[in-house]
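S.K.: I am attaching a structure below and will ask some questions about it afterwards.
The values are calculated or read from the model by the stated rules, or taken from the named source; none is laboratory data. Quick caveat, the model's predicted, so the values are computed rather than measured. Reconstructed Cβ throughout: ideal geometry from the backbone, glycine too, with neighbour counts over all protein chains shown. Each accessible area value is taken on the protein alone, full model and side chains, heavy atoms only, with ligands, DNA and RNA left out. Shrake-Rupley method; radii C 1.70, N 1.55, O 1.52, S 1.80 Å.
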Amino acid sequence: MPGDRTPDWLARYEACGEVERRDLDRVRRLWDETPDPYDRALPLHLTGSAVVVDPATGTVLLRWHERQNAWLHVGGHGDPGEVDLYRIALREASEETGLEDLKPCSAVAETGGDAPLLPIHLVVVPVAPKGDEPAHEHADVRYVLATATPELARPESDSAVLRWVPIGQAVAEVDPNLGEALRRVQRRCSGSSP
């Protein structure tokens, strides 16, 4: 956080295209100018998420998200004191899917030696208002996690339906920003071992 050095993943992350460059610039400003960039009260704050894949079948796990009224990936906010976005994504993915064997997809796990895992996608997404919470934005930092036990996936609630979908089909069914993340996964992870 500000006062600390910029996290390694943020210093090393390279944007692909103009939209992601703008989003990356906003995240860097958020990090530099905000005491707590994870603070949910901010109109823009950091979230960690994951695209969960079954490399053996080339499928991706989609979760129905009532608030967004869409099929999405898994992830969300850090708990108080959590500041490692990869760990946030891993915890959230495990909680939302019941999968306990999640780990970085070997075809995507770029670390550059001893450096931490790099996300596959960074995007600023709008979030609709709900109750007393106004509309806001998430600076969503996305990782790719693989499972060898897709049959064990279980939704965290009745409304959070999960389904495995061939990645090419998923690209066509989701919104464009998640579609971009899935295309990156498709290029780099399909058919790889976890």
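S.K.: Work from the charge dipole of the chain (Cβ charges, +1 for Lys and Arg, -1 for Asp and Glu, about the Cα centre) and give the residue of Leu99, Thr147, Gly179 farthest towards its positive end.
M.R.: Gly179
S.K.: Report relative contact order for the chain in percent, whole number only (criteria: Cα-Cα under 8 Å, sequence separation at least 6).
M.R.: 28 percent
S.K.: Right, here's the next one. When the solvent-accessible surface of protein heavy atoms is calculated with a 1.4 angstrom probe, in what order do His65, His138 fall, highest first? Intermediate results must be reported in sequence, preceding the final value.
M.R.: Working: His65 55, His138 30 Å².
These residues rank, largest area first, as His65, His138.
S.K.: Could you give the size of the charge dipole of region 18-161 about its Cα centre, using +1 on the Cβ of each K and R and -1 on the Cβ of each D and E, expressed in debye and rounded to the nearest 20?
M.R.: Its charge dipole is roughly 300 debye.
S.K.: What are the ³J(HN,Hα) couplings of region 69-80, residue after residue, when phi is run through the Karplus curve with 6.51, -1.76, 1.60 and θ = phi - 60°? Round to Hz, x for glycine and proline.
M.R.: My calculation for region 69-80 gives 6, 7, 7, 9, 8, 9, x, x, 7, x, 6, x Hz in order.
S.K.: Same structure again: Considering the chain as a Gaussian network with a 10 Å cut-off on Cα pairs, which listed residue, Ser159, Ser49, Ser94, attains the greatest mean-square fluctuation?
M.R.: Looking only at Ser159, Ser49, Ser94, the largest GNM fluctuation is found for Ser159.
S.K.: In Å², and per residue, what accessible area does the chain have when probed at 1.4 Å with the other protein chains present?
M.R.: That works out to 49 Å² per residue.
S.K.: For a quick check: with amide H placed at 1.01 Å from N, whose amide H comes under 5 Å from Leu145's, ignoring anything fewer than 5 positions away on the same chain?
M.R.: Val51, Val52, Val53, Cys105
S.K.: For an R0 of 30 angstrom, estimate the FRET efficiency from the Cβ-Cβ distance between Trp64 and Glu18 and round to the nearest 0.05.
M.R.: FRET efficiency, Trp64 to Glu18: 0.45.
S.K.: What is the magnitude of the charge dipole of region 1-93 about its Cα centre, with +1 placed on the Cβ of each Lys and Arg, -1 on the Cβ of each Asp and Glu, and no other charges, expressed in debye to the nearest 20?
M.R.: The calculation lands at about 140 debye.
S.K.: Between (i) 1.14; (ii) 1.33; (iii) 0.97, which matches Cα Rg over 2.2 N^0.38 Å calculated for the structure shown?
M.R.: Label (iii) holds the value from this structure.
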